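The values are calculated or read from the model by the stated rules, or taken from the named source; none is laboratory data. The model shown is predicted, which means the values in this text are computed figures rather than measured ones. Note that we place each Cβ from the backbone using ideal geometry, even for glycine, and neighbour counts take in every protein chain shown.
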Amino acid sequence: MKRLLFIITFLVLAICSLHAQEYSSPEYISMGREQSRSKVVSYPTAEQAQALSAGVVESKYVRPVTEWIRTEEDDAFVFTSKYVIPFMWLSRMAILYVDEASGAYEVFVNGKKVGYTANAFAPAEFNITKSSKEDVNTISIRVLKEHLSRKIECFNDTTEARVGEVYVMSQPVIRVRDIVHKTNIDVKGEFANVELGVIVKTETLNPKRARIHYELVAPDTTVVTYGHRDITIGMRGEDTIKFLAKIPYSHTWSADNPVRYRLNVNTQVEGRYVEYQSHMVGFRTVETDAEGKFYINGIKQELSFQDINPMTVTSEDIEQARKLKCNAVRFKMGAVPQNVYRMCDSLGMYVIAQVPINTKESGLSRRKDGNPSNDPQWKSAYLDRAETAYRTTSGQACVIGYILAEESANGINLYESYLRLKEMEKSRPVIYKSAANEWNSD
């Protein structure tokens, strides 16, 4: 009996030690987190998709998670709630979406740890299909009190733990994972040629075939282009369907002319329609010159900024900023809810998105144990935050550039982050004011 108790005690201590070791390394950036993407919401009908776009209300395929019960443990603030998985979801995927939180967090479903992210200041998704069961499920989000990530989050002065928008969404096993697009103005400046891509992914272990229908609709409800493509994807594979369209130059997006088109997409598998999506898309180009001036759709723009809190901003705040002749907003470093970017898209307001990194409390030294910006152990964390900031905002017309970090000295990790963003983004500038005339700032 004593031997059995010794073994159990040893295992418990070993698990606790392993848990501590995980969080003691900046290289442990996530667990169970899906690749970042723009906000995608799946609906059961075209009518619902077009009426709600990326809005989240309870539907056949969406379960908002609300009515949190907050408790406190030694190492975390715990937010607990319930969600229901209906029978019809059992042959589909269940994806948990967490818009943001006040610090690094873990996700537990029915008592089992299914996810973790060190970056709480950008949306994260977790595949909870296997951990969920039909009917009622319990979800807990543990916002960790002390976490190594705070070393690169010196902007985070939050004293009150929180979680942002949370919901569970159902998508088919072969699904539309994301939408991408780019715009080119023709040489005469009369039209814009737009290229759209529908990224399709499957979670099956065998090749899966689907038909993807698409329709691009102008603001006056004219159908610009439509069609479908048949696609076969291998085991857990991914592919992109591309199509082209031409729109009038007068319908390109800018702060003074926030024109958006509607892209409707639906997926058909074995003759059945399994999901509908609708996306509002603004088409525009962004360029900068040697003096740092912005050109939107080829026209120079003088940016006039208004400082706004992204956690409390309303459409009235944006409209008031417009009345004050401001065409851009400057958000405090940290989380910016996705609906704020959509608001800026719809009302016409430029945004330079920020990668949530600030290491001012570590000083400027590049030596060992100095600033994390020059510590190779932090490379994965820096790259992850840069990529996530890009992937979750690149589809927003309002985002015209990226701020690499804030008050974070300089070093190898910011060099690598700059190169990664420039690899992903060919036109929008990447800016780092503290680069001190080094090359990793446009």
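The figures follow:
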quantity: Sole residue being among the aliphatic types (A, V, I, L, M) and part of a loop (DSSP other than H, G, I, E, B), chosen from Val187, Val180, Val194, Val200; calculated: Val187
quantity: Any hit, region 281-288, residues being modelled with pLDDT under 95, surrounded by fewer than 19 Cβ atoms within 10 Å (Cβ to Cβ), over 22 Å from the mean Cα position of the chain (by Cα) and farther than 30 Å from Trp89 by Cβ; calculated: yes
quantity: Flag if Gly298 is exposed (fewer than 15 other Cβ atoms within 10 Å of the Cβ), within 27 Å of Val180 (Cα to Cα) and touching a strand residue (DSSP E or B) at 6+ places or on another chain (Cβ under 8 Å); calculated: yes
quantity: Check on Tyr226, within 25 Å of Glu190 (Cα to Cα), exposed (fewer than 14 other Cβ atoms within 10 Å of the Cβ) and not assigned by TED's automatic domain parsing to the domain that holds Ser38; calculated: yes
quantity: Residue under evaluation Ala409, criteria (1) surrounded by fewer than 21 Cβ atoms within 10 Å (Cβ to Cβ); (2) touching a Ser or Thr at 6+ places or on another chain (Cβ under 8 Å); (3) hydrophobic (A, V, I, L, M, F, W, C); (4) at positive phi, criterion not met; calculated: (1)
quantity: Residues satisfying the stated conditions in region 232-247, i.e. more than 22 Å from Thr285 (Cα to Cα), outside any loop (DSSP other than H, G, I, E, B) and not β-branched (Val, Ile, Thr); calculated: Glu238, Asp239
quantity: Answer from Lys182, Lys151 - the residue that is over 24 Å from Tyr97 (Cα atoms) and out of contact with any strand residue (DSSP E or B) (no Cβ under 8 Å at 6 or more places or on another chain); calculated: Lys151
quantity: Answer residue from region 355-371, given it is crowded, with 24+ Cβ neighbours inside 10 Å, modelled with pLDDT of 95 or more and not aliphatic (A, V, I, L, M) and is farthest from His251 (Cα to Cα) among those; calculated: Thr359
quantity: Subset of region 355-392 (residues that are touching a Gly at 6+ places or on another chain (Cβ under 8 Å) and either of a type in the set (A, V, I, L, M, F, W, C) or within 30 Å of Val41 (Cα to Cα) (or both)); calculated: Pro356, Leu364
quantity: Evaluation of Asn206 against (1) at pLDDT 95 or above; (2) polar (S, T, N, Q); (3) not in a strand (DSSP E or B) (one fails), failing number; calculated: (1)
quantity: Residue in region 136-148 that is over 18 Å from Ser59 (Cα atoms) and part of a helix (DSSP H, G or I) present; calculated: yes
quantity: Single residue of region 128-172 satisfying the filter (among the polar types (S, T, N, Q) and touching a Pro at 6+ places or on another chain (Cβ under 9 Å)) that is surrounded by the most Cβ atoms within 10 Å (Cβ to Cβ); calculated: Ser170
quantity: Residue count, region 136-148 (criterion: modelled with pLDDT of 95 or more and farther than 14 Å from Val163 by Cα); calculated: 3
quantity: Listing of strands (runs of 3 or more DSSP E) fully contained in region 90-132 that carry 3 or more residues being of a type outside the set (A, V, I, L, M, F, W, C); calculated: 112-117
quantity: Flag if Glu72 is closer than 28 Å to Tyr341 by Cα, free of Cβ contacts under 8 Å to residues at least 40 places away in the same chain and more than 19 Å from the chain's Cα centre (by Cα); calculated: no
quantity: Hey, His228 of a type outside the set (D, E, K, R) and touching a His at 6+ places or on another chain (Cβ under 7 Å) or not; calculated: yes
quantity: Among the residues listed as Glu270, Glu319, Glu275, the single one being closer than 24 Å to Val40 by Cβ and exposed (fewer than 15 other Cβ atoms within 10 Å of the Cβ); calculated: Glu270
quantity: Some residue of region 167-175 being closer than 30 Å to Asn297 by Cβ, touching a residue at least 60 places away in the same chain (Cβ under 8 Å) and not assigned by TED's automatic domain parsing to the domain that holds Lys360; calculated: no
quantity: Conditions (1) touching a residue at least 12 places away in the same chain (Cβ under 8 Å); (2) at positive phi: number failed by Thr252; calculated: (2)
